[in-house]
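The values are calculated or read from the model by the stated rules, or taken from the named source; none is laboratory data. Remember, predicted model here, so these are calculated numbers, not experimental data. Cβ placement follows ideal geometry from the backbone for every residue including glycine, while neighbour counts extend to all protein chains displayed. These area figures cover heavy atoms from the full protein model, side chains too; ligands, DNA and RNA do not enter into them. Shrake-Rupley method; radii C 1.70, N 1.55, O 1.52, S 1.80 Å.
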Amino acid sequence: MEEFNNNNMNMKKKWSPRKPKAGKHIKKAAVIVASVAVVGLLATDCTYQIQEQEQAVLSTLGVPKAVTETGLHFKLPLIQRVHKVNTTIQGFPIGYNQQNNDVVADEGIMITSDYNFIDVDFFVEYRITEPVKYLYTSQQPEEILKSISQSCIRTVIASYTVDDVLTTGKSEIQAKIKDMIMKKMEEQDVGIQLVNITIQDSEPPTQEVMKAFKAVETAKQGKETAVNNANKYRNEKLPEAEAQADQIVQDAEAQKQVRINEAEAEVARFNAMYEEYVKNPTVTKLRMFYETMEDVLPGMKIVIDNGDGTQKVLPLDSFTGDGGQEVENGQSAEEPLQTQDGTTDVQTTQGGE
């Protein structure tokens, strides 16, 4: 009986299932989780997205290639790597701190051609044009651009006077600096293109110098005001003077034409008289003599003696006795003269002589 019980117990031990160990389940779960994570990582590393204002550089085993198309792209995990760059216009200040607007003396204080110190602030705008050169040519391409910009700024500012930098020369200075920077950046060829550089502010470095410059500017503005007023007065008076001069010239031209016309009329009358004179010299001569006498001695009396003792006085005296008064008042009277050939001539006498 005891042997039967022992055998029965041995059979139960032999056929009873063994309980699994807890460590094996944990290892399996960890392997599964790790596999899923690796698969997920590989799945996410197979694609990359390029936005509209981005470009990417896809490197395959260290060989770079630019990718410019926007949208979703695929790559080989662990073999290809992607570096994205921003192609929008970016910028940085020179001469001041953009966060708090404090002056950066090492960058902003510079000297002009007339040996004056001045504080000039600039803002540089650039854009990444070649991502491969930007990422692989230099470690800090922005610093290269900043160093070149500072060098060009100081070179150009040193060729201008302080008045030009403060007032009228800003546009020209900006254009020269931009051209100089672009040429040097082309030589460096780091994949960055300068878009623009502008003068934000320019002022003297100290308050005392600033007051002096303001006084000078006030004087210049006063000078410009005086010049403008003088030009205004000149513009008002000059047309009036020109109009008067034109009027004088026109009057002179008109007088000239009148004189010419009168002279031409006199010439025409003389020619007509000469033609008549040629035809009958004696009659024309007497006519001219009588006409001249009428002009020279207006109102004279003519006494005509025909030789028989009868005299005729022209014009006839009026019955009022005006003729006698005229003689008494010194008017001219005519007396006939007997010539040697027996003819009667007319003698004109002046009263009182």
**Report entry** Breaking point among (1) out of contact with any Phe, Trp or Tyr (no Cβ under 7 Å at 6 or more places or on another chain); (2) touching a residue at least 24 places away in the same chain (Cβ under 8 Å), for Glu208
**Finding:** (2)
Query raised in the report: Do any residues in the range 110-130 that are under 17 Å from Lys146 (Cα atoms) have Cβ atoms under 7 Å from those of residues that are surrounded by fewer than 17 Cβ atoms within 10 Å (Cβ to Cβ) and aromatic (Phe, Trp, Tyr), where the two are at least six apart or on different chains, and which pairs are they?
Result: Val124/Phe92
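Pick out the one residue from Val124, Val103, Val67 that is at pLDDT 90 or above and among the β-branched types (Val, Ile, Thr). Give the derivation first.
Values: Val103 fails: at pLDDT 90 or above; Val67 fails: at pLDDT 90 or above.
Within the list Val124, Val103, Val67, the selection yields Val124.
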Report task. Hand me the list of strands (runs of 3 or more DSSP E) wholly inside the range 71-172 holding 2 or more residues that are crowded, with 16+ Cβ neighbours inside 10 Å and under 27 Å from the mean Cα position of the chain (by Cα). Result -> 117-128
Report task. Evaluate the following for Met185: is it surrounded by 14 or more Cβ atoms within 10 Å (Cβ to Cβ), assigned to a helix (DSSP H, G or I) and more than 26 Å from the chain's Cα centre (by Cα)? Result -> yes
Query raised in the report: Is one or more of the residues making up the range 226-241 open to solvent by 90 Å² or more (accessible area, probe 1.4 Å), within 30 Å of Asp164 (Cα to Cα), in a helix (DSSP H, G or I) and among the charged types (D, E, K, R)?
Result: yes
Report summary line: Scanning the range 245-266 residue by residue, those closer than 30 Å to Thr284 by Cβ and open to solvent by less than 80 Å² (accessible area, probe 1.4 Å) turn out to be Val258, Ile260, Asn261, Ala263, Ala265
Query raised in the report: Taking the range 87-129, which residues are farther than 30 Å from Val67 by Cα and acidic (Asp, Glu)?
Result: Asp102, Asp106, Glu107, Asp114, Asp119, Asp121
**Report entry** Residue check for Thr282: loosely packed, with under 10 Cβ neighbours inside 10 Å and β-branched (Val, Ile, Thr)
**Finding:** yes
Query raised in the report: Which members of the range 191-219 meet the condition of being open to solvent by 70 Å² or more (accessible area, probe 1.4 Å) and over 27 Å from Tyr134 (Cβ atoms)?
Result: Gln207, Glu208, Lys211, Lys214, Thr218
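For the range 50-70, which positions are outside any strand (DSSP E or B), under 23 Å from Gln193 (Cα atoms) and more than 41 Å from the chain's Cα centre (by Cα)?
Within the range 50-70, Gln51, Thr68, Glu69, Thr70 qualify.
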